[in-house]
1. Mind ranking 278-291, 186-199 by how tightly packed they are, going by the mean number of other C-beta atoms within 10 angstrom, highest first?
2. Which whole-Hz couplings ³J(HN,Hα) result when phi for each residue of region 263-279 is put into the Karplus expression 6.51 cos²θ - 1.76 cosθ + 1.60, θ = phi - 60°, listed in order with x for Gly and Pro?
3. Using amide H atoms built 1.01 Å from N in the peptide plane, name the residues 5+ places from VAL273, or on other chains, whose amide H lies under 5 Å from its own.
4. So what are the radius of gyration and Dmax for the Cα set of region 56-163, in Å?
5. Along the positive direction of the dipole of region 179-301 (beta-carbon charges: Lys, Arg +1; Asp, Glu -1; about the Cα centre), which of SER210, GLY220, CYS263 reaches farthest?
6. Given N residues in region 185-328, what is Rg(Cα) / (2.2 N^0.38 Å)?
7. Pairs of alpha-carbon atoms within less than 8 angstrom and 6+ residues apart define the contacts here; what relative contact order does region 56-163 have, in percent?
8. Roughly how many nanometres apart are two label points built 7 Å out from the Cα toward the Cβ at GLU149 and GLN354?
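Values quoted throughout were computed directly from the atomic coordinates according to the rules given, and no laboratory measurement underlies them. Keep in mind that this is a model prediction, so the values were computed, not measured. Here the Cβ positions follow ideal geometry from the backbone for every residue, glycine too, while neighbour counts run over all protein chains shown.
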Amino acid sequence: MKTVVHDKKNEITISSRFSIGEGHTPLIPSRFIGPSMGLKNLYFKLENLNPTGSYKDRFAAAFIGTLLQKKVPFCLATSSGNTGAALAAYCAAANIPCYVVVVDNAPADKIRQMHAYGAKTLMVGGFGINTGITNAVFSGLEQLAKAKEVSLPISAYRYCPEGMQGVESIAEEVLRDLNREVDHLFSPAGGGGLTLAVANGVLSSVTPTSCRVHCVQPLGNNTIAGALRNGLANAVEVPRSTTTVSGLQVPGILDGNETLQRCRQTGGTGFVVTDEAVYNMQTTLARKEGIFCEAAAAVSVSGLAEAVQNSEVEPDDTIVCLITGSGFKDMNSPARNTGTKSIETKYSVDNLFQFLATI
């Protein structure tokens, strides 16, 4: 299947894509965070507005298109949530059974989303947290997929380059929408696949651009960002991921080495942020920008805050932060970390109007 998307300036052709409307997400200017940081040109790329609520829909569109071409009868995947939800939705649309091995303590809302699309989920204790268990699961599933002559759709180039090529379109859209005049692009990272895809998209641009791609990671899963900033040649595996930011708990290397190298080629560097800073930024995005994103998405903006504090960006620079997923993916996160009420207090009619009289 070939999908051709037209706009006023460009024609983008994506081969072998099974589309349910992903991509071409809005790029909007910041109304509060940018000005509060002294930045004149800060933009948010709203990947949370893809069909299942994350950028992983781009991955699923490319991968499921490949499965259909090869006439593979099922999809076997691993996920911390968003990849599984995306694959489940696209498999449902393509009438392909979907099985997802999910990481330990994956958000219940993300698992419910997979179930809503009809996927079968299997959670493994320690998977996505403990390096040994994580590597064992990846290795075993990779062997199983190879035996059945199917690809394993982990959102990493190491396992599924055909799916990750679909993610590179994010960079194409950002550069197109800003006439290629982008100075900095901040991307959150777990295993590095998204950041690598964006860097690849920037570096493969037909028209030269000065866009620097920066890798941002939580302190508790600092495999790439610290190594990039400190000039190391390779990413550094951590024994156990300690961040509570869902989706970025990837203690192994995966695409780390390649991500480090490609970001460096763009002139980018790494930023390491605390979980507390991430959750605070998640709240700020919702309450000041009207963008309700998951914590992993707020990591990119937290990295920008570090860059501003370190005077590593200029007030006139054009800056893009990737908003990778919807806050509705993990409703417990804002309630748990910011004190947001999950259940409202019930008022009587009299008490309601007594309160309203105080406004």
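1. 186-199, 278-291
2. 4, 4, 5, 7, x, x, 9, x, 9, 10, 10, 7, 4, 4, 5, 5, 5
3. The answer is GLN217, LEU219.
4. Gyration radius and largest Cα-Cα distance of region 56-163: 12.7, 36 Å.
5. Highest projection toward the positive end goes to SER210.
6. Values: Rg = 14.1 Å, N = 144, 2.2 N^0.38 = 14.5 Å.
For region 185-328, the normalised Cα radius of gyration is 0.97.
7. Details: 160 pairs, mean separation 30.5, N = 108.
Here the relative contact order equals 28 percent.
8. It is 7.4 nm.
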